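The values are calculated or read from the model by the stated rules, or taken from the named source; none is laboratory data. Since this is a predicted model, take the numbers as computed values, not measurements. Cβ atoms come from the backbone with ideal geometry, glycine included; neighbour counts cover every protein chain shown. When the accessible area is computed, the model is the full protein with side chains, heavy atoms only, and any ligands, DNA or RNA have been set aside. Shrake-Rupley method; radii C 1.70, N 1.55, O 1.52, S 1.80 Å.
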Amino acid sequence: SLKGPYRSLVGEENTMAATGLALLAFLGHGETHQQGKYSKNVAKALKYLIRNQSGNGHFVERSASLSHSLYSHAICSISLCELVALTQDEALIGPAREAVKFASQAQGKRGGWKYEVGSERSDLSVTGWFIMLFQSAKYAGIEYDPAILERAEAFVDSVMLPSGSRFRYESDHEPSLAMTAEGLLCRQYLGWKQDDSRLAAGAEYLLDNPIRWSQKNVYYWYYATQVMRNLDEETWEKWNENLKTVLPQKQRKSGVDAGSWDHEGDPYGGPGGRLYVTCLCIYSLEVYYRHLPIYQMAGR
């Protein structure tokens, strides 16, 4: 639940997205529905998602607003594909294929994704989740048309500044930290080399804006952490210096919210609340062992 029983000032419920977010945190710890300390929790979450998957493969909370729709699908689909990759459980392959098929059909006219299936518009925020979904599908052995990512790359081009080191939400917006981090990660997944000068310039920009609790933005931190983890050791160590100190310090240590991070003051904390902020903090701290850095995986 996005709303509770913990303290979270969220106006809109979305149990599908909340379950997908929480499930990814468990998977990052190595838990599956087959093994681990929290295997029963993972199994129940997985059962809930599959039971509520629509006949066309869509993971959606029908009572939630339209803006939630494709975010929810991408998050739930990533968790399902990661479980397939971790366990090779044949019972999950069918639902995973249907989820990836729906994601393919949902691609917008401009090559990215927005809030509606086949939308005339796209934005980098939603699109980044789908590019990660297709990466997870690749790990899981779920096949899809490579042209999907070629079209997605064309959209990413359209929201990139000429320098290649800054990115925008949509082409008529100003670049931002969060979108730059998300755009750079998309570029890494879509084939930029580790020594690309545009990637290096983007990384310097992110290093100039390290994790500071007084400037809370966990969405930015989540994407930037992945980008930095994929780069050289020196760049990663500079970024990690704040990551490994600030997030553990700011985690709630006692009371009803123990184990979580506060969502107040975060620019996107309103719709997602405490669970959303907590999950993205967990993902950032799990980056050490959740995936091998992209450029290490290239030869494996």
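Among helices (runs of 4 or more DSSP H) lying entirely in segment 1-112, which contain 3 or more residues that are open to solvent by 40 Å² or more (accessible area, probe 1.4 Å) and on the phi > 0 side of the Ramachandran plot? Spell out the reasoning first.
Numbers: elements: 15-28, 39-51, 69-87, 90-106.
Where helices (runs of 4 or more DSSP H) fall fully within segment 1-112, none carries at least 3 residues being open to solvent by 40 Å² or more (accessible area, probe 1.4 Å) and on the phi > 0 side of the Ramachandran plot.
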Flag for E98 being free of Cβ contacts under 8 Å to residues at least 60 places away in the same chain, acidic (D, E) and farther than 21 Å from Y276 by Cβ:
yes
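What helices (runs of 4 or more DSSP H) lie completely within segment 162-270 and have 1 or more residues being within 21 Å of L21 (Cβ to Cβ) and open to solvent by 20 Å² or more (accessible area, probe 1.4 Å)?
Numbers: elements: 177-189, 197-207, 218-229, 233-250.
Ranges flagged: 177-189, 218-229, 233-250.
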List the pairs whose first member sits in segment 161-183 and is free of Cβ contacts under 8 Å to residues at least 60 places away in the same chain and small (G, A, S), whose second member is assigned to a loop (DSSP other than H, G, I, E, B) and open to solvent by less than 10 Å² (accessible area, probe 1.4 Å), and whose Cβ atoms are under 8 Å apart, counting only residues at least 6 apart or on separate chains?
S171/V159; G183/V159
Out of (1) in a helix (DSSP H, G or I); (2) in contact with a strand residue (DSSP E or B) (Cβ under 9 Å, 6 or more places away or on another chain), the odd one out for Y115 is which?
(1)
Go through segment 119-143 and report how many residues are surrounded by fewer than 21 Cβ atoms within 10 Å (Cβ to Cβ) and either closer than 25 Å to S67 by Cα or acidic (D, E) (or both).
7
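Go through the residues of segment 195-203 one by one and say whether even a single one is farther than 21 Å from S176 by Cα and over 21 Å from the mean Cα position of the chain (by Cα). So that I can check it myself, show each step before the final result.
So in segment 195-203, the residues farther than 21 Å from S176 by Cα come out as 195.
Cutting the leftovers down to over 21 Å from the mean Cα position of the chain (by Cα) gives us 195.
Within segment 195-203 (the criterion being farther than 21 Å from S176 by Cα and over 21 Å from the mean Cα position of the chain (by Cα)), the answer is yes, since at least one residue qualifies.
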